[in-house]
Amino acid sequence: MRNTLQERGKAVSGSVVVDILCDSTLTKLKLRAYKKEIAAADSILVLTDGAGVQTVAEVVNKVVHPGCNTLSAGGAHAEWKEAERCLECGDCMLEFTGGICPIARCSKHLLNGPCGGSQGGKCEVDADIPCVWQQIFDRLAKLGQLDKLERLVTPKNWSVSLVSGPPVKRLS
Amino acid sequence: MLISEQKPLEEILSYLDGDKSIFLIGCKGCAEGWGSGGEK
């Protein structure tokens, strides 16, 4: 990917491969050593599943781009014990939501939000659940990217996931 | 193990439009296992 980006006129300020990227503690510690390279970059391209992209977005105050689509958890879970962060939709939309997944974390799985049940940053389903669309709004505001919310997300093609809709065999 | 595949290059490049310098992050876990984002 480094060579491909450079051939397309992009500078690569640095790169790192983290052992288990969806482990936020490990990722935070590992990225400390790349503080200067990350600061020099306009954004971060993360090549892994949705949980890993969200981990980076949580520990780094920088625009994060998803480079992959997650097709299935393969019977496993990411190293994010308290909640599921990726529902393997097969067409990752983290690019447009500040690196926070509304499919996994919105009670209604809304692609365009928030709904009318978002009150004081909490979800109407349970007052202990934060409204993820409020979190997305806050994150995009912090990054100066609120314009991304002006894009209407049309219904997704769920068949590209290996776990949603009809079974589709895409892997050889 | 989470199964992932790289997005089409043109889609990735559209995300990076306007960005001159990029920092790359991969994972030695699931993504390396599936060839979507490891050392290679």
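Placing pseudo-labels 7 Å out from each Cα toward the beta carbon at B:L13 and A:A11 gives an inter-label distance of 2.1 nm.
The packing ranking, built from the mean of other Cβ atoms within 10 Å per residue, places the peptides A:47-59, A:27-39 in the order A:47-59, A:27-39, highest first.
Taken about its Cα centre, the protein assembly as shown carries a charge dipole of roughly 340 debye when the Cβ of each Lys and Arg holds +1 and the Cβ of each Asp and Glu holds -1. Please give the residues of segment A:103-131, grouped as numeric ranges, whose backbone N is less than 11 Å from a label point set 7 Å along the Cα-to-Cβ vector of A:A141. What the label zone holds, given the 11 Å backbone N cut-off, is A:121. Taking only C-alpha pairs under 8 Å that are 6+ residues apart, what is the relative contact order of segment A:2-160 in percent? Once normalised by length, the contact order is 16 percent.
Counted as membrane-span-like here are DSSP H helices of chain A whose alpha-carbon atoms extend 15 Å or more along the helix's own axis and whose Kyte-Doolittle mean is -1.0 or above; these are A:132-143.
Note that chain A, at 20 °C in a medium of 1.002 mPa s, gets a Stokes-Einstein diffusion coefficient of 125 µm²/s from its Kirkwood radius over C-alpha pairs.
I want the local charge near A:K156. Using Cβ-Cβ distances under 13 Å, sum +1 for each Lys or Arg and -1 for each Asp or Glu among the other residues. Mind dumping the intermediate values first?
Details: positive: none; negative: A:E88, A:D91.
Once all neighbours under 13 Å are counted, the net charge is -2.
Using a simple spin-label model with pseudo-atoms 7 Å out from Cα toward Cβ, A:E150 and A:K35 lie 3.6 nm apart. Checking the cross-link pairs A:K30/A:K122; A:K142/B:K7; A:K156/B:K20; A:K142/B:K20; A:K36/B:K28; A:K10/A:K156 against a 28 Å limit on the alpha carbon distance flags A:K30/A:K122; A:K156/B:K20; A:K10/A:K156 as lying beyond it.
Every number in this text was worked out from the coordinates using simple rules, so none of it is lab data. Keep in mind the model is a prediction, meaning the values are calculated, not measured. Counting neighbours? That spans all protein chains shown, and the Cβs are built from the backbone with ideal geometry, glycine included.
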